[in-house]
Structure formats: C-alpha cells, structure tokens
Amino acid sequence: MTDTFNHVTCPKCGYEENAITAKKCEICGQALKKDKSLAPVIAGVGALLFLGALGFTGYHAFIRDRTPQSPIQSSAPTTSADATVSPNGDATPASPTAPPSQPGNIGNALSWGDRVLFTDAPNADLQAGAAAFATGDYDTAASRFEAARQAVRNDPEAMIYLNNARLGDTPALGIAAIVPIGDTPNAARELLRGVAQAQEEAIQAGVPVKVLIANDRNDVGQAEAIARALVQDPTIVGVIGHGTSTTTLAAAPIYQQGQLPMIAPTSTTTELASLPRDDSNFIFRVIPSDQFTGTTLARHMLAQGQSRPIIFYNPQSSYSRSLQESFSTTLGLEGGQVAKLVDLSQGNPATELQNGGADAVVLLPDSATFDAAIAVAQVNQGQLPVLAGDAFYRIETLERGGNSLDGAVVTVPWHPLKSTPPFAQTAASLWGGDINWRTALSYDAFQALRSARSAGNVTPAMGAQGRAALGQALAGQGFTANGSTGPISFLPSGDRNTTVLLVSVEPGSRSGAGFDFVPLP
C-alpha cells in the first residue's frame, strides 16, 4: 500500500494539481469548490497513484559558529533564545543567536530547519522540530523531524530538515533550493523531493551537504531579493532553482554577476541560454530547452514522411510560443513548411482543420489551452497523424483523448521506464509512490552540483572560491554527472547536452484509462 496525494481539479481548465486547501486554481484563477467527501475517494483511486496527472505520480506526470561574513539566516520568531544554523564557511562552531530578518522580510522565506515554510498541512512534530532547531538543540530537532517524517512520509521539508539537524555543527557545503511554496506548494514539494533524496544519498556517501529551502512564491521581486541575499552568503555554494521560467529568468542575472552557480531544474525557455555571460558561465539547466524539444519533434515528424503540419499553440504563453518557434524553425530549415498556425486561445480552433492542406497535426498548448487542444484531437479523430508537446504528458490526455490520440507522439523530459536504475525504484520506496519529472530533474540538478564539488575539490571552508571552482567544473569540457535521466553534461550556453524522449499513446491497461504512454524505441 502506498500513500496518495489529494488534489483539487479545476472545473474550468482541468488542472488537477491544485492543493486541497487552494481557494483558486493555480493556473487560471478559477474559484475552487471543495467537496470534503471526495478526498478519500480520490485517495483510493489506485490508477492515479501510479499515473498521477501533472502531480506526484510519475508514469504519466508532465504526465550555519558564524564569522563576520555571516551566512544568510532564516530568522525564527524574535526571542532571545531564537537561533538558526547554516553550513559552515569555516570550522567554527555555530552561534545560537539569530540575526534580524533580511530586507523585504526575506528571512521569513528561508529555512535550514528553524522555521516551517509549508503552511497548508500543519504538522505539530515539524513545528516542534523547528523550534528546537532554532535554539541549536539538534538532537531534539532531529527526533521531532523524524516523527514528522514518519507521520507524513511524502514530506520533503521534514526530510531535508532532518538531515540538516543530524549534521548539526558538522562543516558542510550549503546548497539553496528555491521553490514556489507560496504559489504552487505541490509543485514545490515535487521539486524538493528530488533535492531531499539526493541530499540523503550524498550524506550516506560521506559528503555532508546542508540544504536551505527558500520560498520565492513564484514572484519576480521575491526571487530577485532571494538571489541577492544568497549571493551575499559565502557559505552557499550552489543554487537549485527557480521553479518557473519567469522567476529563473529574473534571478539568473544576479547569480551570474555574483558568480554563484545556479542550475535550473524545470525552466525550458530558450531565453535562459541567451542571457549575457562574461568569460565564465554560472547559469545551467538540466531540463531540455524548448529548442531541443521543438527540434526533436520536428525531425521525428519529417522522418515519418510528413512535412506540412498545421500547428495549434497559444501565442500568449512564453512556453507555448517558444516551443512553436523552435519547431517551426527546424521544420523550415530541414525541408518542411508550416501549413497553418492556429491560436488555441481564440474562437473554435478545431474548425481550422478543414481545408488546411496539412499532412499532420501538431498540438503545442500550455495548461490554459489544453482543453482546446484535446478538442482539436477529437475532431481530427485520427485522420491526420498527431504530435504534441510535453503539456500533453498527463493522465487527462489518455482519459479524454482516447481513440482520437491513438498513435500520437508526445515529447517528455523524463519517463520512469527510461530512468537510470535504481533511481525510480529508490524514490518510490522513499516517498511511498512513484515520482514525477520535477522530482527527477531537481535530483539531477543536485547530482550535477555534487559531481562538480568532487571535480573542483570544493570544501566548506572555501567560501566564494568554492563557487568559482564549482562553476568552472560545471562548464568544463569533459564534465559529467550521473542523474536519473542519464549522463549530465552542459553546452557552453549552459543548456544540457541531451536528447529528448518521445513516447506514443498506445492501447494498454497500465494507466487504467485504456491507453498508456509508451517510450519509442
């Protein structure tokens, strides 16, 4: 028996990852009506445990003793006994006194374990552990964090704080994980699960690493403020984040100028690779960019003999627009031609299928236009071959697309059947269920930093020099790390040097929807 995660599906856009406590849909802002009686029903659906839908499950989820140079602290409530702990920049023991909050109350958005950042699911043991951690009582903190983890097995915040508490005053490298807790807590947890798993493995292998969790709320101003604070802290040697392309693009120039290595786990926009760099690069990502994805999809289509697709996308979405541009550019350069571009956000786009002179349908929606894209597939009813972007990697594609998507080819950044062993199996055991692409890619970001630490001989006492060594290692020719998605290496642009996976929709029983996503050979 494995644990499940309750979500609320939006009746307007169909987004199924909204937290059970959410008042509005995280994607379209639609008011959510909650029926408490549905929670146990949802929790009992076995197929969703394995498949998920853009949430926890992975098969179909796309489907600090301080020196004068004090590290960034996540200040706990201001009492004389309050304190925080952070990875050492030297071998000096930790002080039990907490500094004042950072400008803009950034201190309230940071935690090594002295404060609880997720407020949507109260846990008394987690709160007690944070209170003990804040006073420097790491033994008590570890005991309470352990109890919190036993009570809620899938909580990565508890696991990260537990490992930080167990390390106590041990000199350790500091890595910050910035996630959108205040905006999309479920997505934030998914990202942190990969970080927590990788931290656990590093510590077990004798590599002490403490993780600072930061909440940027998916807010550009907050993301920039956190980035500036982290750059000023010499004990932070690397950053995993941010959670979205928008916040990543806002914070990346600050990390680059401050020479603090940042690895983005989930930002696909092509704009990230075009940010100004000096002689050294400190900005990387482990997810394929839209350029890779669009190119892969276009070349696959051409290889199947189709060259005049009708493309459905949302020009108002930077993700959808970036993917369409990459696809169309590769298509034009390699002998194809776009028959027609259709805006999924306007009118009844399915009617554009008539008399289009196309030999294939390409669906590149964002979450807001997913329903419209499904409608196009249903009208097409298999008459033209269908190819789709990774927004289609979700359970609803199988449930609602049905026969109309039989044989459709979808791009994905990760698939459990193509995962590097034993990552997916270990993750399922650790968290009580299959994980998804966000967890896999945040794990990869941590693994890249860990390998760069080894290649650069980085120690906790090196401070800013450690950052430079990490950045040099990551950008170095021949650098490689082992991740859940295979070998990790980077191009000079900071993009990952990788290929994109393709899956097809085929009849099957694994999903419970009558169709499965099956990796192409």
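Remarks
- Using a simple spin-label model with pseudo-atoms 7 Å out from Cα toward Cβ, residue 465 and residue 341 lie 5.2 nm apart.
- Electrostatic bookkeeping for residue 473 treats Lys and Arg as +1 and Asp and Glu as -1; over the other residues with beta carbon under 14 Å from its beta carbon, the sum is +3.
- Using θ = phi - 60° and Karplus 6.51 cos²θ - 1.76 cosθ + 1.60, couplings along region 177-192 (whole Hz; Gly, Pro as x): 10, 9, 9, x, 4, x, 10, 9, x, 5, 4, 4, 5, 4, 5, 5
- Backbone geometry of region 201-208 corresponds, through the Karplus equation with coefficients 6.51, -1.76 and 1.60 at θ = phi - 60°, to 3J(HN,Hα) couplings of 5, 5, 5, 4, 8, x, 10, x Hz, x marking Gly and Pro.
- Calculated FRET efficiency for the pair residue 497/residue 259, C-beta based, R₀ 22 Å, to 0.05: 0.45
- Using R0 = 51 Å, the C-beta based FRET efficiency linking residue 378 and residue 489 works out to 0.80.
- Full extension of the chain between residue 275 and residue 120 gives 52.2 nm of extra length, using 0.36 nm per residue less the Cα-Cα distance.
- The shape of region 158-214 can be summarised by an equivalent ellipsoid whose semi-axes, obtained from the alpha carbon gyration tensor, come to 21, 11, 9 Å from longest to shortest.
- Subtracting the Cα-Cα distance of residue 371 and residue 482 from 0.36 nm times their residue separation leaves 36.2 nm of extension gain.
- Considered as an equivalent ellipsoid built on the Cα gyration tensor, region 373-493 has semi-axes of 39, 17, 11 Å, the largest given first.
None of the figures in this text is laboratory data; all of them are computed from the coordinates on show. Since the structure is predicted, the reported quantities are computational estimates derived from the model, not experimental observations. Using ideal geometry, Cβ is built from the backbone for each residue, glycine included, and neighbour counts are taken over all protein chains shown.
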